[in-house]
Structures are given as structure tokens and as C-alpha cells.
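What follows is a single structure, written as C-alpha cells, with notes after it.
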Amino acid sequence: MKPDFSTEGLDRVRSLFFGSILCIVLLCCSAESGSLLIGTAINRQVLTDTSYQRLVTGFSNIVTPAYDLKFKHIQKIRGVFDFTHADKVVAYARDNHMAIRGHTLIWHGALPDWVVALPVHADTMRRVMFEHIEGVVSHYRGNVYCWDVVNEAFDTEGNLNVKNPYFRAMGKSYIEYAFRIADQFDSETKLFYNDYGPYGITKKSDAVYATICELLDKGVRIDGIGFQMHLRIDENREMEKFTDIARNFKRFAMLGLEIHITEADVSISKPVTPEKRKLQIRAYQEMMRLFLSIPACKAFVTWGLTDKYAWFPESRKNYAEPSLFDSLYKPKPVYDSVMSVIEQFKKPPVIENMSIRGKQIAFIMRTLLYESGYAIHMAEREKGISVSDVVWSDTILIEAPRNGVYEVCIWPIAYTGSFLGVPVTYTVQVKEGN
Ligand code: 9MR
């Protein structure tokens, strides 16, 4: 079953709302519509394992080839571009109407031996980058949604990775060069910077942010940022602070960048216990909430869909069960929990409590989203009076101008002022002396 990711229903509710009681504050808000891009990274097995195929096409409207587009697979021998496998995976995605995240052009991982063996020499490396980006980007022009032009340039402390051969040869300038060449050979496809955590406001995200600002100021085209989000559950690890991550996402969004969650998974340290599975559910749900809260977030891609093909780097050899589906392709409870967040988001927000004192009305809302608030419109139809406000907390206090029966409409909004989800309406009688 392909989950319904469209937000068309929301447009309809919105126009009804506009037609009835809308006020000036809400008219200032812009509305987001369209479809969410949700999908997974895919392995080559997708070409042969039909059950896996069904699972992927049933779930995704965007996919990321997990390795076929990487340097070592495409240009194993210098100057000999072999797109055999990559083309098959891309064709599979296109035939099944799924967008493709092109991953990745310039990364210190998955390099062929000949690149690793090159002398540390700026001009040589520049040539190699030019040829590789030209070859790959031109070949797929018009066929991919975006490119992860540069992947994982920084370490967790925010230093440029000194083991990276591009950095060693060219210094930091390799990042700018990569984006400029990618743009030169494809001025249409979106260009992304993609990296791992920590994902809050940290030394690492500050360094990435500063670099992107610097490049944008120089006129380099960067359209988006990818946050990988490989999360882990184990006894000694604190849950990621999603409020902090949301603030980080927001500052990148405010640069005008599109945001993708590019490699979401939540691995559980062995032994896997019911307690840890619960924490995994929470982590996936928070990721989805985060994704739905920030209007610039356009794609949510998991790094694999079934535990059958889960891939663990060396540092995660002791982890298991990271995916939404088990190794028999059955949805796990974590899958249902993530989908329930999408469903909740399509429903009106929940009013936990309402109280009136005099002409003052207080609503306590159950807040589902990060960095969001509420637009409130309160109208007395018979007397033709109305009041509006916007609040950035889960407690709404609003005062009625006169006694009367008010229709109150409460709409979740993003920090941008865009509507998120659908409104709740509530009728309240204000009688001084309440
Ligand atoms: O999952 C990918 C694995 O199949 C490859 O062998 C490996 C090397 O190419 O890369 C893995 O994907 C990595 C991704 O490209 C970048 N972020 C970390 C991912 C692995 O956790």
C-alpha cells in the first residue's frame, strides 16, 4: 500500500476556510501544497528480487541508489565510464515513476584505487574532478532530481576531513569547484551538500553553515542540504535533541535551501530489547515530525527499507534492525508509528484544554510539530466582529471584544507563516461573568 503523501486534501480545507472566516493575519500566510517526497535508498537486488521491488515501489516516490552512482562503480579505470549498473537502477526508478537522488559525486569514500594513489597535486585533482563530474552529470542530465555534489566534507568536530584526497590536494576550494562544475554541466538539476551529524547546533553544523553561507555569497549555486540521520539506540546514548535539530534545520531553510533527510535509519545495539524498540519508534517518529514541521523539508529518504538488506559500517557491526520493514518484508510496528505521524498531521490539532475567564479564552494545544505555532481567528458572525492572533507556544490566550457566540478557528503554522495541516474549529460562548 502506497501511503498517501499528497497534501491536496489540505488545499481543499484551506479554500473552505478562506471562503468563510478568514482575516488579514491569515491572508499574510502563504500555504504550502504539493506532494511529499518519501522513499528509500535502493540496492542492486531491486532488479532481481521481485518482493523487494514491490516493497520499494509500494513505499517510495523517490529513491537513492545506495552505491551504483558512486565514483568507484562508474569510473573504475580512469577515463572509462561504465554506467551499466547505474543505468539499470535509474531505469527501474524511472519506469516506476520514482524521482532519483543522485548520490554522490565528490566523496572521500567509494573511490577507485587509482584516485587514492594519485599524487597530492591540486591541478591533477582538479582535472580528475572535472572529468568525473562532467561524465556523470552530463550522462544523467534531466534524469535525476538532485545531486549530492559533495558528501561528508567535515568530521564531527567541524574540521574538514584531512583524509579526504580532494581536500589534501586542493584545500577547501574543492567544495566550491565541485559545485561550479556540476552547475556548468547541468544548470537545472538541484545541487545538494550532504553530511552526517551531529545534527543540532554544534561545531559541525556551524562549520557546514558557515561554508554554505560563504559559497552562496560568492554566487555558487547550492540548492539544498541533505542531513543523513543515521541514528542509533543503545544504553549509553542520549536521544537526539530534536528541538535543537529543528532550530538547525530552520537556519538552513532560511538561506533558501531545500532540505532532505537523506539516509534515515535507526539501528539498535545488540541485544535488541523491547525497550530499545520503543526508543527506535520514538526516534523515527520525531524524525517524521521534524520533516513535517519545516516547510523547506521536501524529501524523507530512509537508508534501506528492509532489515534483509540492511548495511552496517564497521562502527555499527554490533547493531541490528534499522529498517521500517523486517527481513520478510513485513511492516514492523515502527512503520505503523511513522505513518501514524503523517496521519495525525493531516488531522486538526488537538485542544487539550479550553477555559474562559471573563472575556479571556485560553486553549492548551497538544503540539505535534517543531518550530511551529498557531494562527487563531475568532469570529462573531451575527455582530460581524472578529479577532486574530498568532502565537508561538502551545498556550493560546485570546480576548473576545464583546459578549457573544464565537467560532474559533485554530490553524497550525510553520515559522514561515505557512499553514501546516488542517485547522480545528471550536464554538465558544462569551458571557461576561463566566
Ligand atoms: O550503504 C552504502 C554501502 O552499501 C556502501 O558499500 C558504502 C560505500 O559505498 O556506502 C554506504 O552508504 C553510505 C553513504 O553513501 C554515505 N553515508 C553513509 C552511508 C553508510 O552508512
Report, by residue number, each residue of the stretch 136-182 that is among the acidic types (Asp, Glu), surrounded by fewer than 23 Cβ atoms within 10 Å (Cβ to Cβ) and within 23 Å of the chain's Cα centre (by Cα).
-> Glu152, Asp155, Glu157
Over the stretch 208-236, the set of residues polar (S, T, N, Q) and buried (at least 20 other Cβ atoms within 10 Å of the Cβ) is Thr211, Gln228
Can you find even one residue in the stretch 237-249 that is surrounded by fewer than 23 Cβ atoms within 10 Å (Cβ to Cβ), within 16 Å of the ligand (Cβ to nearest atom) and part of a loop (DSSP other than H, G, I, E, B)?
-> no
Can you spot a residue in the stretch 373-382 that is open to solvent by 50 Å² or more (accessible area, probe 1.4 Å), touching a strand residue (DSSP E or B) at 6+ places or on another chain (Cβ under 6 Å) and either closer than 30 Å to Asn236 by Cα or not in a strand (DSSP E or B) (or both)?
-> no
Are any of the residues in the stretch 83-92 away from the ligand (no atom under 13 Å from the Cβ), among the small types (Gly, Ala, Ser) and assigned to a strand (DSSP E or B)?
-> no
For the stretch 97-110, state whether one or more residues are farther than 25 Å from Thr40 by Cα, open to solvent by 30 Å² or more (accessible area, probe 1.4 Å) and within 28 Å of the chain's Cα centre (by Cα).
-> no
Positions within the stretch 339-349 being open to solvent by less than 60 Å² (accessible area, probe 1.4 Å) and in contact with a strand residue (DSSP E or B) (Cβ under 9 Å, 6 or more places away or on another chain), in sequence order | Met339, Ile342, Phe345, Pro349
Select from the stretch 132-162 the residues that are within 15 Å of the ligand (Cβ to nearest atom) and assigned to a loop (DSSP other than H, G, I, E, B) and write down the one among them that is farthest from Tyr199 (Cα to Cα).
-> Asn161
Filtered residue count, the stretch 361-372, keeping only those that are open to solvent by 20 Å² or more (accessible area, probe 1.4 Å) and touching a residue at least 40 places away in the same chain (Cβ under 8 Å) | 5
List every residue pair whose Cβ atoms sit under 8 Å apart, with the two residues 6 or more apart in sequence or on different chains, where the first one lies in the stretch 220-231 and is farther than 11 Å from Phe252 by Cα and near the ligand (Cβ under 10 Å from one of its atoms) and the second, anywhere, is of a type in the set (Phe, Trp, Tyr) and not in a strand (DSSP E or B).
-> Gln228/Tyr196; Gln228/Trp303; His230/Tyr196; His230/Trp303
Identify all residues within the stretch 93-113 that are of a type in the set (D, E, K, R) and within 12 Å of the ligand (Cβ to nearest atom); write none if there are none.
-> Arg101
Which residues, counting only those in the stretch 63-82, are aromatic (Phe, Trp, Tyr), open to solvent by 20 Å² or more (accessible area, probe 1.4 Å) and either within 14 Å of the ligand (Cβ to nearest atom) or farther than 22 Å from Glu188 by Cβ (or both)?
-> Tyr67
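The values are calculated or read from the model by the stated rules, or taken from the named source; none is laboratory data. All values derive from a computational prediction rather than experimental measurement. Ideal geometry is used to build each Cβ from the backbone, glycine not excepted, and the neighbour counts take in all protein chains shown. Each accessible area value is taken on the protein alone, full model and side chains, heavy atoms only, with ligands, DNA and RNA left out. Shrake-Rupley method; radii C 1.70, N 1.55, O 1.52, S 1.80 Å.
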